[in-house]
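Written out below as structure tokens is the structure these notes cover.
The values are calculated or read from the model by the stated rules, or taken from the named source; none is laboratory data. Keep in mind that this is a model prediction, so the values were computed, not measured. Cβ coordinates were reconstructed from backbone atoms using ideal geometry, including for glycine residues, and neighbour counts include every protein chain displayed.
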Amino acid sequence: MQKGMHTHRERCVRAVQSKDARFDGWFFTAVLTTRIYCRPSCPVVPPKPENMTFYPSAAACQQAGFRACKRCRPDTSPGSPEWNQRADAVARAMRLIADGVVDREGVPGLAARLGYSTRQIERQLRAELGAGPLALARAQRAQTARLLIETTALPMAEIAFAAGFSSIRTFNDTVREVFALSPSGLRTRAPGRPTGPGKRPGAPGTPGALSLRLPFRAPLNPDNLFGHLAATAVPGVEEWRDGAYRRTLRLPYGHGIATLTPKPDHIACRLTLGDLRDLPVAISRCRRMLDLDADPVAIDDQLRTDPFLTPLVDKAPGRRVPRTVDEGEFALRAVLGQQVSTAAARTHAGRLAAVHGESVDDPEGGLTHLFPAPEALAALDPESLAMPRTRRTTLLTLAGQLADGTLHLGVESDWEETRARLLALPGFGPWTADVIAMRALGDPDAFLPTDLGIRRAARELGLPSTPAALTARAAAWRPWRAYAVQYLWATDSHPINFLPV
């Protein structure tokens, strides 16, 4: 079993006394005298150490009878980086819970996806997080409810349904228990709410549209993150417009559009959803795509131990790994991008989307389609694809296996096992498998020693440039080699490294 930071009492006390925001989401401070739980950076005067106790999750705090602080709003802190840097069953379970699997499929569905019994999953989550899957999902529903209460004019009954509650009574009881306020009281206290009779906060101008803030741990360098997404954007599926990256989303209950704008201390997120039940999943996937739960200080400190990387990190710290909102989509696009330029890959993907993707309405921009589902691509006549025969075979084989479930790519995927299964497919080499592991599966240690840009950067920096020698040299960067890739790529003048103007 992993030992979380909450077990290191002296470190936690120091973090709370210094109000260190880097540890928000790593652990939660519960105050025995007030029965309130906070994030480490809470602005109030820290309690006496003897009155502090520490928990690994908001759900564990709630189960122990503590309510959320109204000042620091601990339920809105960045997620723990633990769950995106680990590959064990608990981390995979947490990624699935964030993706709404428990709400849609229950605990048996969660266990089935992980290949364990429900009893095993319950035991492992309770041992490490102090709460079982139902309590963890309940905490997420409470957070979603708070977001909708404070930022929309939706009736409470609609909010209860959208947040995943089974009844109005359960919704009311949970909000009162977690926040020590009724839903209407929570809305009245919403920061920045309009005043005047009949006013409600955040009424959207577009039906189904919600605006919210996505927090992150500083520093965050937006250049390679948004630059990469914008430079590789598939026409009609993604776009850069008015300083924001926009894209269509395929979600469990419908489709949506995300508009993501980098700000100094948060990411402004506007979501237009066909079904509000998709809100928690859409938020989770946007956070994952932008790698917002990373711990950049720990990552950069490790990479700075290599004198060849130190100048790159010091010049622009806080680089994230640009990921995806749809693992299967990214894998298909990785095949389309084999041995062609970024522009050619975009053209191929855009043509497929225009002909075989589902249409969407976008009154606020120029998005027109969802990227085609694997089922649609698997049914294509191979002769209709304008690409080399070998790549055509690779694409349709991958689409077929994704469509029939032979191959599954998701947040719960075992990184090593999935990489091996990808390498067994025709036309898959190490570069394709590793770029999927890095950007779709989220493996923070995925490395691309055969990538031309990486080898060119290595030569310029005086590092070994042959794949075997570079891999050996990169052992010192583990477990953050995917982040080292971002710093090495940034030595080039390619558009992926710059925010569009």
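Taken over the stretch 244-268, the criterion of being hydrophobic (A, V, I, L, M, F, W, C) and either over 18 Å from the mean Cα position of the chain (by Cα) or within 17 Å of ASN221 (Cα to Cα) (or both) is satisfied by ALA244, LEU260, ILE267, ALA268.
Residues being outside any strand (DSSP E or B) and farther than 15 Å from LEU336 by Cβ: count how many of those fall in the stretch 348-372.
Count: 11.
Within the stretch 341-384, the set of residues being of a type in the set (Asp, Glu) and either under 18 Å from THR232 (Cβ atoms) or modelled with pLDDT of 95 or more (or both) comprises GLU358, ASP361, ASP362, GLU375.
Residue by residue through the stretch 115-136, note down the ones that are small (Gly, Ala, Ser) and surrounded by fewer than 23 Cβ atoms within 10 Å (Cβ to Cβ). Show your work before the answer.
Here is the first cut: in the stretch 115-136, the ones small (Gly, Ala, Ser) are 115, 117, 127, 130-132, 135.
Across the stretch 115-136, the qualifying residues are GLY115, SER117, ALA127, GLY130, GLY132, ALA135.
Checking each residue in the stretch 215-255 for being over 25 Å from HIS348 (Cβ atoms), of a type in the set (Gly, Ala, Ser), at pLDDT 95 or above and assigned to a loop (DSSP other than H, G, I, E, B) picks out only GLY243. Can you spot a residue in the stretch 476-492 that is out of contact with any helix residue (DSSP H, G or I) (no Cβ under 7 Å at 6 or more places or on another chain) and either surrounded by 15 or more Cβ atoms within 10 Å (Cβ to Cβ) or on the phi > 0 side of the Ramachandran plot (or both)? Within the stretch 476-492, none of the residues are out of contact with any helix residue (DSSP H, G or I) (no Cβ under 7 Å at 6 or more places or on another chain) and either surrounded by 15 or more Cβ atoms within 10 Å (Cβ to Cβ) or on the phi > 0 side of the Ramachandran plot (or both).
Of all residue pairs spaced 6 or more apart or on separate chains, those with beta-carbon atoms under 6 Å, a first member in the stretch 465-488 that is over 14 Å from ASP443 (Cβ atoms) and a second member that is of a type in the set (A, V, I, L, M) and in a helix (DSSP H, G or I) are SER465/ALA458; LEU470/ALA458; TYR487/LEU312; LEU488/ILE454; LEU488/ALA457.
Residue-by-condition table, conditions (1) out of contact with any Leu (no Cβ under 7 Å at 6 or more places or on another chain); (2) free of Cβ contacts under 8 Å to residues at least 40 places away in the same chain:
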{"residue": "ALA218", "(1), (2)": "yes, no"}
{"residue": "ASP223", "(1), (2)": "no, no"}
{"residue": "LEU229", "(1), (2)": "yes, no"}
{"residue": "ALA233", "(1), (2)": "yes, no"}
{"residue": "TRP240", "(1), (2)": "yes, no"}
{"residue": "GLY243", "(1), (2)": "yes, yes"}
{"residue": "THR259", "(1), (2)": "yes, no"}
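Residue count for the stretch 403-457 under the criterion of being outside any loop (DSSP other than H, G, I, E, B) and of a type in the set (Phe, Trp, Tyr): the result is 2. Of the helices (runs of 4 or more DSSP H) that lie entirely inside the stretch 259-319, those containing 2 or more residues that are under 23 Å from THR232 (Cα atoms) span 279-289.
When the residues of the stretch 256-269 are narrowed to those that are touching a strand residue (DSSP E or B) at 6+ places or on another chain (Cβ under 7 Å) and surrounded by fewer than 19 Cβ atoms within 10 Å (Cβ to Cβ), which ends up modelled with the highest pLDDT?
Step one: list which residues in the stretch 256-269 are touching a strand residue (DSSP E or B) at 6+ places or on another chain (Cβ under 7 Å), which gives 256-261, 266-269.
Then keep just the ones that are surrounded by fewer than 19 Cβ atoms within 10 Å (Cβ to Cβ); that gives 261, 266, 268.
Numbers: THR261: 98, HIS266: 93, ALA268: 95.
Filtering first and then ranking leaves THR261.
Within the span defined as the stretch 353-371, one or more residues are buried (at least 16 other Cβ atoms within 10 Å of the Cβ) and without any contact (Cβ under 8 Å) to a residue 40 or more places away in the chain.
For (1) crowded, with 20+ Cβ neighbours inside 10 Å; (2) out of contact with any Gly (no Cβ under 6 Å at 6 or more places or on another chain); (3) closer than 23 Å to VAL101 by Cβ; (4) not hydrophobic (A, V, I, L, M, F, W, C), each residue gets a yes or a no:
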| site | (1), (2), (3), (4) |
| --- | --- |
| GLU416 | no, yes, yes, yes |
| LEU425 | no, yes, no, no |
| GLY429 | no, yes, no, yes |
| ALA437 | yes, yes, yes, no |
| ASP443 | yes, yes, yes, yes |
| PHE447 | yes, yes, no, no |
| THR450 | no, yes, no, yes |
| GLY453 | no, yes, no, yes |
| GLU460 | no, yes, no, yes |
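Here ARG323 fulfils each of the conditions (1) crowded, with 17+ Cβ neighbours inside 10 Å; (2) part of a loop (DSSP other than H, G, I, E, B); (3) without any contact (Cβ under 8 Å) to a residue 60 or more places away in the chain apart from (3).
Can LEU396 be described as in contact with an Asp or Glu (Cβ under 6 Å, 6 or more places away or on another chain) and at pLDDT 95 or above? Talk me through it step by step, then tell me what you get.
Numbers: in contact with an Asp or Glu (Cβ under 6 Å, 6 or more places away or on another chain): no; at pLDDT 95 or above: yes.
Here the answer is no, as LEU396 does not meet what is asked.
Could you pull out the residue among ARG285, ARG217, ARG277, ARG213 that is surrounded by fewer than 19 Cβ atoms within 10 Å (Cβ to Cβ) and closer than 30 Å to VAL102 by Cα? I'd like the intermediate steps shown before the answer.
Numbers: ARG285 fails: surrounded by fewer than 19 Cβ atoms within 10 Å (Cβ to Cβ); ARG217 fails: surrounded by fewer than 19 Cβ atoms within 10 Å (Cβ to Cβ); ARG277 fails: surrounded by fewer than 19 Cβ atoms within 10 Å (Cβ to Cβ).
Testing whether each residue is surrounded by fewer than 19 Cβ atoms within 10 Å (Cβ to Cβ) and closer than 30 Å to VAL102 by Cα leaves just ARG213.
Of these, ALA424, ALA437, which one is of a type outside the set (Lys, Arg), over 30 Å from THR272 (Cβ atoms) and touching an Asp or Glu at 6+ places or on another chain (Cβ under 6 Å)? One residue alone meets the criteria, ALA437.
Of all the residues in the stretch 386-414, those that are without any contact (Cβ under 8 Å) to a residue 12 or more places away in the chain and buried (at least 18 other Cβ atoms within 10 Å of the Cβ) number 1.
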